[in-house]
Amino acid sequence: MTSATLLTPARTPWTPEGTPPGAATRIDERAYVRALVVLDSVVLTVALLVGYLTRFGDEVPSGSKVPYVLVAPGLVLVWLVSLKALGCYDDRVIGYGADEYRRVSTASLRLAGGIAIVGYVADVGVSRGFLAISFAVGTLGLEVARFAARKRLHRARSHGGGWSRKVLVVGDTAHVLELVQTLRREPYAGYHVVGACIPDALLAPVPQRLGDVPVVGSFRGIPEAATAIGADTVAVTASGELTAARLRRLGWQLEGTGVDLVVAPALTDVAGPRIHTRPVAGLPLIHVEAPEFRGTRKLVKGFVDRAAAGVALTLLMPVLSVIALAIRLDSRGPVFFRQTRVGRGGHEFGVWKFRTMVVNADALLTELTARNETDGLMFKMRDDPRVTRVGRLLRKWSLDELPQLVNVLLGQMSLVGPRPPLPSEVARYDGDVARRLLVKPGMTGLWQVSGRSDLSWEDGIRLDLYYVENWSLAADLTILWKTFGAVVNGRGAY
């Protein structure tokens, strides 16, 4: 597909007369920030009350000259100022990414350290136990409150509500389309593309669209185009015409306009910890660390996997026994189903699952191939007639996969990793997809917390490869936490 075929006529965008472009978005944003301030104030007040009651109970501390009734409101105010000073209410931070949580923790710890030093030097008689409990409860409460507020914002964004940054994308047609697709893949991130600027040579005298994004100008009038459509962010992607001097000049032109300038490199699906920006000769060079497939962190991950699997099997033994009895009473056949899957390095192993289908399910597969509801190499069908009554319940709650804890204990699988593929799938892998075999497959992973069977083959592969390249112990804990929500929600489970 050439660039010319991507450009189609478009209508000029309409805005209500007298309403500044983007005003509704900014009002929603200010309301969200105000709500965060109120929420933080409530959390801190409760934290100080808990600290006081835990330290002193319902009695006034005897012999103390400290007026805690005045200290508490003052500490709440100072704490809020500390959060503000560290950018915890910055619209470029709140709502997405780990930086918001990191800043909240940093602001709280710095304030706690500062108060401890001042209290020691000035010999203030405020109880250390009161401060320690208050800061511990307050910091944890702030993180939990931010998480709850963010989840509500993400749900609103996913349904077209909530505030989002209005983005003007600048670059060549192919790169603009790629960036638009990337941003739309995760609408909860809060980047809503409202227009595009393309090279002058591709601009026609009539209004155009790049896909379904209106083309609002060329490289000569980027600031004017951003103002016209109410964009508060200009995202620059790759283009041969956007030289370093021209990009620097664009930054100067956007100064004082309230419009942020972001540069989207061609490198995608690389997590933050692997990226380091280093200025060299005036150039912000991006250093990308190689993925880690062995070493100390891998040994720690393997130890944690096996230890957790052993504990889980012990605790879940009564549940496993009940499930086994239900399967035996529901249909004829064995309790467990053992299927050959491919693990790290292409080594095959037998994955254990509770049987959820009739015993001759493989023989019936050829009759159902035409009714496959997914693309790619997998077979998925919402109302698969081979699934038993108990099997449907087990699949809905992902209980059929609990026996895979044995595979984790044996070192064949991990708690978190790519989906374990069938040998028939691996036989048709190309060079890129085969990178999934560089790590152990997992009982859960990004594919499960992102929709499971509702995902397309391409999206599932993209998520698996992202995990392979960017795995970390912290990410594993996050995925395990999100797995509980995905299982309860039941989305994509069939």
Is there a residue in the stretch 200-220 that is without any contact (Cβ under 8 Å) to a residue 60 or more places away in the chain, within 21 Å of GLY95 (Cβ to Cβ) and buried (at least 21 other Cβ atoms within 10 Å of the Cβ)? no
Quick test of your reading of the structure: TRP163 fulfils all but one of (1) open to solvent by less than 30 Å² (accessible area, probe 1.4 Å); (2) out of contact with any Asp or Glu (no Cβ under 7 Å at 6 or more places or on another chain). Name the failing condition by number. (2)
Pairs under 6 Å by beta carbon, first residue farther than 20 Å from GLY190 by Cβ and in a helix (DSSP H, G or I) in the stretch 132-159, partner modelled with pLDDT of 95 or more and open to solvent by 20 Å² or more (accessible area, probe 1.4 Å), six or more apart or different chains? GLY141/VAL43; LEU142/VAL43
Members of the stretch 285-319 found to be part of a helix (DSSP H, G or I) and among the aliphatic types (A, V, I, L, M), listed by number: LEU299, VAL300, VAL304, ALA307, ALA308, ALA309, VAL311, ALA312, LEU313, LEU315, MET317, VAL319
Test VAL93 against the criterion of being among the β-branched types (Val, Ile, Thr) and either closer than 30 Å to ARG209 by Cα or at pLDDT 90 or above (or both), and give yes or no. no
Given the options ARG102, ARG157, ARG128, name the one that is of a type in the set (D, E, K, R), under 29 Å from LYS482 (Cα atoms) and out of contact with any Ser or Thr (no Cβ under 8 Å at 6 or more places or on another chain). ARG102
Starting from residues that are over 27 Å from LEU36 (Cβ atoms) and of a type in the set (A, V, I, L, M), keep the ones in the stretch 169-185 and report whichever is surrounded by the fewest Cβ atoms within 10 Å (Cβ to Cβ). ALA174
Please give the strands (runs of 3 or more DSSP E) falling wholly within the stretch 202-269 in which 1 or more residues are closer than 17 Å to LEU177 by Cβ. 208-210, 213-218, 233-236
Name every residue in the stretch 403-449 that is part of a loop (DSSP other than H, G, I, E, B) and open to solvent by less than 30 Å² (accessible area, probe 1.4 Å), in order of residue number. PRO403, GLY411, MET413, GLY417, PRO418, PRO420, PRO421, VAL439, PRO441, GLY445
Please name all residue pairs, on different chains or six or more residues apart, with Cβ atoms under 7 Å, provided the first residue is in the stretch 33-48 and is free of Cβ contacts under 8 Å to residues at least 60 places away in the same chain and the second residue is among the polar types (S, T, N, Q). none
Is it the case that VAL359 is β-branched (Val, Ile, Thr) and modelled with pLDDT of 95 or more? no
How about the stretch 323-346: which of its residues are assigned to a strand (DSSP E or B), more than 20 Å from LEU437 (Cβ to Cβ) and not charged (D, E, K, R)? PHE336, PHE337
How many residues, within the stretch 81-125, are more than 26 Å from ARG165 (Cα to Cα) and either open to solvent by less than 30 Å² (accessible area, probe 1.4 Å) or not in a loop (DSSP other than H, G, I, E, B) (or both)? 15
Checking ASP384 against (1) modelled with pLDDT of 90 or more; (2) open to solvent by less than 50 Å² (accessible area, probe 1.4 Å); (3) not hydroxyl-bearing (Ser, Thr, Tyr): exactly one of these is not met. Which one? (1)
Looking at (1) in a strand (DSSP E or B); (2) modelled with pLDDT under 85; (3) of a type outside the set (Lys, Arg), which is the only condition PHE349 fails? (2)
Enumeration of residues in the stretch 44-71 that are open to solvent by 30 Å² or more (accessible area, probe 1.4 Å), aliphatic (A, V, I, L, M) and either modelled with pLDDT of 80 or more or outside any loop (DSSP other than H, G, I, E, B) (or both): VAL46, LEU49, VAL50, LEU53, VAL69, LEU70, VAL71
I'm trying to understand the selection: among the residues of the stretch 392-448, which are without any contact (Cβ under 8 Å) to a residue 60 or more places away in the chain and of a type in the set (Val, Ile, Thr)? VAL433, THR444
Among the numbered conditions (1) within 28 Å of ALA475 (Cβ to Cβ); (2) in contact (Cβ under 8 Å) with a residue 60 or more places away in the chain; (3) not polar (S, T, N, Q), tell me where TYR68 comes up short. (1)
Does at least one position in the stretch 457-466 carry a residue that is at pLDDT 85 or above and touching a strand residue (DSSP E or B) at 6+ places or on another chain (Cβ under 9 Å)? no
Does THR233 qualify as being open to solvent by less than 60 Å² (accessible area, probe 1.4 Å), in contact with a Lys or Arg (Cβ under 6 Å, 6 or more places away or on another chain) and either closer than 30 Å to ALA149 by Cα or in contact (Cβ under 8 Å) with a residue 24 or more places away in the chain (or both)? yes
List every residue pair whose Cβ atoms sit under 7 Å apart, with the two residues 6 or more apart in sequence or on different chains, where the first one lies in the stretch 184-197 and is closer than 18 Å to ARG152 by Cα and the second, anywhere, is among the polar types (S, T, N, Q) and in a helix (DSSP H, G or I). PRO187/SER158; TYR188/SER158
May I ask you to verify whether ALA370 is among the small types (Gly, Ala, Ser), open to solvent by 70 Å² or more (accessible area, probe 1.4 Å) and either part of a helix (DSSP H, G or I) or at pLDDT 90 or above (or both)? yes
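The values are calculated or read from the model by the stated rules, or taken from the named source; none is laboratory data. This one's a predicted model, so the numbers in the text were calculated from it and none came from an experiment. With ideal geometry, Cβ positions are generated from the backbone for all residues, glycine too; neighbour counts draw on all protein chains shown. What goes into the accessible areas is simple: the full protein's heavy atoms, side chains included, and nothing from ligands, DNA or RNA. Shrake-Rupley method; radii C 1.70, N 1.55, O 1.52, S 1.80 Å.
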